[in-house]
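Structure, as structure tokens:
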Amino acid sequence: MPVDVFEVDLLREPRIGEQAQPLRDPGLDGEVGYLNCLESGACPLLNGENCCGIYPTRPSVCVLFEAGSDECQEARRVFGIPALEPVSTQA
């Protein structure tokens, strides 16, 4: 599951550029590369707890892919990553 990387993502979070594979040809709307999540089955920027290690500065496409959504949980299931548990808002 490749994750599109845009120039604005690299400006916001340099670690994305360290992991991104560049595009051979220019992409659409400023796309410059992608994070290859196919080899390991997980995003290379997940931390040791299988959560986004750069959540506040994650790629734009990830912002649109809400953590814990049905699509998120399905992707995690397909790639053998444990499901995200609901966060309790009670104090």
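In table form, for the structure just shown:
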item	result
Long-range neighbours under 8 Å by Cβ, at least six apart or interchain, first residue farther than 12 Å from Cys43 by Cβ within the stretch 11-23, second among the β-branched types (Val, Ile, Thr)	Arg12/Thr57; Glu13/Ile54; Glu13/Thr57; Gly17/Val5; Pro22/Val32; Leu23/Val32
Condition check for Glu74: part of a helix (DSSP H, G or I), acidic (Asp, Glu) and at pLDDT 80 or above	yes
Every residue from the stretch 20-71 that is part of a loop (DSSP other than H, G, I, E, B) and hydrophobic (A, V, I, L, M, F, W, C)	Ala20, Leu23, Cys37, Leu38, Ala42, Cys43, Leu45, Cys51, Ile54, Phe65, Ala67
Selected residue (criterion: surrounded by the most Cβ atoms within 10 Å (Cβ to Cβ)) from residues of the stretch 9-24 that are at pLDDT 85 or above and out of contact with any strand residue (DSSP E or B) (no Cβ under 8 Å at 6 or more places or on another chain)	Asp9
Any hit, the stretch 25-37, residues being aliphatic (A, V, I, L, M) and modelled with pLDDT of 85 or more	yes
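The values are calculated or read from the model by the stated rules, or taken from the named source; none is laboratory data. Note that the structure is predicted; figures quoted are calculated from it, not measured. A quick note on method: Cβ atoms are made from the backbone with ideal geometry, for glycine too, and the neighbour counts reach across all protein chains shown.
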